Structure formats: structure tokens, C-alpha cells
Amino acid sequence: MELMRIEPQTITHLQEWLGKTEALQDIITAAPVKALSATLDRPDVAPVAGTFLPELWHWLYFLPCALQSEIGLDGHPKRGGFLPPVPLPRRMWAGSRVEWLAPLTVGDEIKRVSKIESVTHKAGRTGDLIFVLVKHTISNHNGLALVEEHDIVYRDAPGPDDKPVAPTPAPTGATWFKTITPDDVLLFRYSALTFNGHRIHYDRKYVTEVEGYPGLIVHGPLIATLLVDLVRQSIPGCTLKSFEFRAIRPTFDINVFKVSAKPDLEKDPSGKTISIWAEDHEGWLTMQATAVLA
């Protein structure tokens, strides 16, 4: 299969989205919080108005609600609109950097303003890559509460001669860890909670025959949420000042994987900087993250 090449005029067109903004409003309702607790197998007390919204659970809100007629072959909304219409078939949430300035709670009326910060092109070993950086700010009645930078990468479908990138061994010496069994029910429930129709997470025939993966792909934000949840379970009562993660390689539902964490005492002797990572069943690093406690 011939690699798709992005023409210079296409890149110029995509960069017309620079500076584009979108403003959405929502309410932090209790039902998604209760449902995600159940999905993560947490016996949390039923949330009521004023209950603290755990870190990263803001991803349960401002969900995309494209009409069914506007959904593309992959289950995502068709290209265009707020995000630029990148003509590459694979789309991936590659990472995020989040800073919490004030707490969000159940019952809050919230507003998110999103802005396209950059659209960049890179010619990689396996074809062209397009990187889109989106900045989100979320506010409630008290003002600005959260700032997030969201990295999206688009790439071509794999070719028959493509060779996988050499894997990186996961760190060792974890202080805390947990083994996760990513069955298709877990993936379905998280897709439903985030109204994510991307077929790579629930349609085994599509993901193996069309996109060429060996199994269903575990959502990157689900893994990031599990990383933060490990810290919450290991350090009861903690809150986060910031969190960042970078996806390294896909995680599939055909094997268990592990989330691990340890204080990065070399970087921060106070113990407030936590190194967190996910690794597959063979010990290869799949996600690298850092959390800073408040």
C-alpha cells in the first residue's frame, strides 16, 4: 500500500484553523461520576452536590454530540468543524498537560473555551504525521479552574513493509502498582461514558481487518485516568496540582497490563512529584506520566 503524502497546499489549508476557538457549556452532574466510579471498580459514596470531581474526570463532560449522519467510517465525527480536516485515517490522543487552579465539584455550571494553538507537519519513517495542539480552559462560578493542553496526532494507515518502532523497557522499582484486565466490557463502558464512537475501542472486526491492530485498543485517556486513580488509592486524600502524560505505544485488550508509580525523589526530594507509567504484559512502556501533588 502506497503511503499517503500530504501536499504543501493541504498543510497551508489546515493551518487556516490556527486560532480557531470553540466555547461550550455543561453541568457537572452526578450520574457520570457514579458510573465512572463503578467502571473503575471503586466503592465510592454516591456523589451529591458539592462532591469533589476527581482529577481527569472532567473528560466526562463537554462530550462531542455529532448527529448520526455526521459520523465517519471510523466512528468519529467526519473531519472538519472545530478540528482541521486532516486527510489521514488514524487519529490518536497522544498526550496532555493539565493544571488545576481550583476544584471542580458536582453541581457546578462549567464553561470550556478551546483554541487551536498549532497545526504542524512532520515526515516520519512511516509517512506523514500531522500534530494538532488544542488548549482548553475550564471555568466555574469561581473563575478559571483548569487549563489543559491536548496533543492530537494523525497518521497514515500501516503499510505491508512497516516495521514497528523498537519498544522501550518500562521503569523499575515501583512503590505502588496494579494489574488491569482490559476486557471489552470495560472498554465499552468507558466509550459509552465519554460518548466515544471510535470503533477501535469496541469493534474487533474493524480494528483488526481495517486498521490492522491485533485487538481492541484501550483508550489513552482511560489509561491516564487509571494512572491518576492509582495515585489517589495509594495516597489517600491527595489532590493534584498538575499532571502530564505521553502515550508511547498502543495497549490492547488481549493481554493484561500494569500501572505503576513511585515518588521521583531525585527530581523532588519533598516527594510531591510522582512518576507514573503503564506497561504491557511483556514489560514494555506504553504510557509515561508525571503528577505533582498540591
Length gained if Asn142 through Ala102 is fully extended, taking 0.36 nm per residue and subtracting the Cα-Cα distance, is 13.6 nm
Extension length gain for Glu109 and Thr29 (0.36 nm per residue less Cα distance), in nm, is 27.9 nm
Between the modelled labels at Phe177 and Cys238 (7 Å from Cα along Cα→Cβ) the distance in nm is 1.7 nm
So, with points 7 Å from each Cα along the Cβ direction, the Val185-Met92 label distance in nm works out to 3.0 nm
Mean-square fluctuation maximum in Gaussian network of the chain, Cα pairs under 10 Å, restricted to Asp280, Asp268, Asp203, hits Asp268
Measuring from its Cα centre, segment 215-263 shows a charge dipole (+1 at each Lys and Arg Cβ, -1 at each Asp and Glu Cβ) which, in debye to the nearest 20, is 180 debye
To the nearest Å², the heavy-atom accessible area per residue of segment 1-160 with 1.4 Å probe amounts to 51 Å²
With a 1.4 angstrom probe the carbon and sulfur portion of accessible area for segment 1-160, in percent, totals 57 percent
If the chain between Phe195 and Glu149 were fully extended at 0.36 nm per residue, the gain over the current Cα-Cα distance would be 14.5 nm
Quick calc, the chain, dipole around Cα centre from Cβ unit charges on Lys, Arg (+) and Asp, Glu (-), nearest 20 debye, gives 240 debye
Hull surface over four for the Cα convex hull of segment 1-160, reported in nm², is 11.4 nm²
Share of accessible surface on carbon and sulfur in segment 164-293, whole %, 1.4 Å probe and ligands ignored, is 55 percent
With the 1.4 Å probe rolled over protein heavy atoms, segment 162-294 has an accessible area per residue in Å² of 48 Å²
So the FRET efficiency between Ile71 and Thr120, C-beta based with R0 = 30 Å and rounded to 0.05, is 0.65
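The values are calculated or read from the model by the stated rules, or taken from the named source; none is laboratory data. In this text, all values refer to a predicted model and were calculated from it rather than measured experimentally. Please note: Cβ atoms are built from the backbone with ideal geometry, for glycine as well, and neighbour counts cover all protein chains shown. Just so you know, the surface numbers come from the protein's heavy atoms only, side chains and all, with ligands and any DNA or RNA stripped out. Shrake-Rupley method; radii C 1.70, N 1.55, O 1.52, S 1.80 Å.
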